[in-house]
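J.: Here it is, the structure, as structure tokens.
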Amino acid sequence: MNTPVRLMIHGASGRMGRALLRLAQEEPRVEVVAAVSRRINQRVVDGVAWFSAAEMRGAPDFDVAVDFSLPEAFDPVLALCRQRGKALVSGTTGLAAAQQASLEGASRDIPVLWASNFSLGVALLHELVERAAAALPGWDCDIVESHHAGKQDAPSGTARTLGEAAGKGGATARYASLRAGDIVGEHLVQFTTGGERIELVHRAGSRDIFARGALHAAAALAGRGPGRYHLRELL
């Protein structure tokens, strides 16, 4: 049997972090060796060592860091991965242009994968949006995204990358955002012209689909050479 890929979960106390920790127990290809959060209540939970963000450099050796945190917490985990020569899988949205540039720079030294959404359905939706935009020149393109009330960035990272896909097809997207209740994530891409409308929709019923995709990406990224990888390549 192959040795499991050792993971450090960064942002472990958040919604995605908790899902990652839970589902990693069911995934034989990975083993969580460290969990990092801004604040910790226990040092060991279910056999996993926990570290505060300030203590992260003391975390044990890992193969891949899986990061679902906040923009202000992103730079330290990227720096640690680069220092140790380890891979990074990140789903942190709302990154500044300078942070995206840092990610690109790190890809010369380590394997990195950043995605706004880790579901296979959304990966397919990107392709469909680009194709529709190319086939419908002159049509209006609107992206409406809905998320839980606690989500801070708007438009969502997924909406922005869908807008980039539309742009590759020649359309200019407009955005609308809704924050309400406990909506996991819904994205509607609408193409409209006189008398007709086309809608492409993805609805996430559970955060587990994103966590499973991220765990799969981490297992697939381990051991690869430096570079900027994309989710579609690894699924």
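J.: Pull up the DSSP beta bridges for the chain and report the antiparallel fraction as a percent, rounded to 5.
T.: Details: 18 of 49 bridges.
Given both bridge residues lie in the chain, the antiparallel proportion sits at roughly 35 percent.
J.: A follow-up question, please. Using only the Cα atoms of the chain, build the gyration tensor, take square roots of its eigenvalues as a ≥ b ≥ c, and label the shape rounded, prolate or oblate: rounded if a/c is under 1.5, else prolate if a/b is larger than b/c, else oblate.
T.: It comes out prolate by the Cα gyration axes.
J.: Same structure again: Quick one: Karplus J couplings for region 61-72, per residue in order, coefficients 6.51, -1.76, 1.60, θ = phi - 60°, nearest Hz, x for Gly and Pro?
T.: Once rounded to whole Hz, the list reads 4, 9, 9, 9, 9, 10, 10, 10, 10, 10, x, 6.
J.: Once fully extended, how much extra length lies between LEU124 and ARG22, figured as 0.36 nm per residue of separation less the alpha-carbon to alpha-carbon distance? Intermediate results must be reported in sequence, preceding the final value.
T.: Details: separation 102, 0.36 × 102 = 36.72 nm, distance 2.62 nm.
Full extension of this stretch gives 34.1 nm more.
J.: Which net charge results when you count Lys and Arg as +1 and Asp and Glu as -1 among the other residues whose beta-carbon is under 13 Å from that of THR192?
T.: Values: positive: ARG174, ARG197; negative: ASP140, ASP142, GLU196, GLU199.
Neighbourhood net charge equals -2.
J.: Using θ = phi - 60° and the Karplus form 6.51 cos²θ - 1.76 cosθ + 1.60, what ³J(HN,Hα) does each residue of region 158-171 get, whole Hz, x for Gly and Pro?
T.: In residue order, the calculated couplings are 5, 4, 5, 5, 5, x, 5, 5, 4, x, 5, x, x, 9 Hz.
J.: Report the antiparallel proportion of the DSSP beta bridges in region 21-117 as a percent, rounded to a multiple of 5. Mind showing how you got there, number by number?
T.: Details: 2 of 13 bridges.
Bridges in region 21-117 are about 15 percent antiparallel.
J.: Sticking with this structure for a sec: Quote the FRET efficiency, to the nearest 0.05, computed for ASN2 versus GLN152 with a Förster distance R0 of 45 Å and r equal to the Cβ-Cβ distance.
T.: Calculated value: 0.70.
J.: What is the distance, in nm, between label points placed 7 Å from the Cα along the Cα-to-Cβ direction at ASP140 and at LYS168?
T.: 2.6
J.: A further question follows. Compute the long axis of helix 97-106 from its Cα atoms, compare it with the longest principal axis of the Cα atoms of the chain, and write down the angle in degrees, 0 to 90, nearest 10.
T.: Orientation of helix 97-106: about 50 degrees from the principal axis.
J.: Now for a different question. Taking 8 Å as the Cα distance limit and 6 or more residues as the minimum spacing, I'd like the relative contact order of the chain as a percentage.
T.: Details: 475 pairs, mean separation 47.8, N = 235.
About 20 percent, as a whole number.
J.: Count charges around ASP63 for me, please; just the other residues with Cβ under 13 Å from its Cβ, Lys/Arg as +1, Asp/Glu as -1.
T.: Values: positive: ARG6, ARG29, ARG84, LYS86, ARG224; negative: GLU31, ASP61.
It works out to a net charge of +3.
J.: Decide, for region 11-93, between rounded, prolate and oblate: order the square roots of the alpha carbon gyration tensor eigenvalues as a ≥ b ≥ c, take rounded if a/c falls under 1.5, and otherwise choose prolate if a/b is larger than b/c, else oblate. Walk me through the numbers before you get to the answer.
T.: On the way: a/c = 1.29, a/b = 1.20, b/c = 1.07.
Judged from the Cα gyration tensor, region 11-93 comes out rounded (a/c under 1.5).
J.: While we're here: Long-range amide H contacts for PHE51: which residues qualify at under 5 Å (H placed 1.01 Å from N, peptide plane, sequence gap of 5 or more or a different chain)?
T.: Counting only residues 5 or more places away or on other chains, the set is ALA35, VAL36, SER37.
J.: Quick check: net charge around VAL33, other residues with Cβ under 11 Å of its Cβ, Lys/Arg +1 and Asp/Glu -1? Walk me through the numbers before you get to the answer.
T.: On the way: positive: ARG6; negative: GLU31, ASP61, ASP63.
That works out to -2.
J.: Further question: What angle do you read, to the nearest 10 degrees and between 0 and 90, between the alpha-carbon axis of helix 208-221 and the longest principal axis of the chain?
T.: 60
J.: At 25 °C and 0.890 mPa s, grab the translational diffusion coefficient of region 73-120 from Stokes-Einstein with a Kirkwood Rh over Cα pairs, rounded to a whole number in µm² per second. Walk me through the numbers before you get to the answer.
T.: Working: Rh = 10.9 Å.
For the chosen part, D equals 224 µm²/s.
J.: Report, for region 115-235, the % of DSSP beta bridges that are antiparallel, rounded to 5. Don't skip to the answer; put the middle values down first.
T.: Working: 16 of 23 bridges.
Given both bridge residues lie in region 115-235, the antiparallel proportion sits at roughly 70 percent.
Readers should treat all values here as calculations from the given coordinates under stated rules, not as data from a laboratory. Nothing here was measured: the structure is a model prediction, and the numbers come from that model. Backbone-built Cβ (ideal geometry, glycine too); neighbour counts: all protein chains shown.
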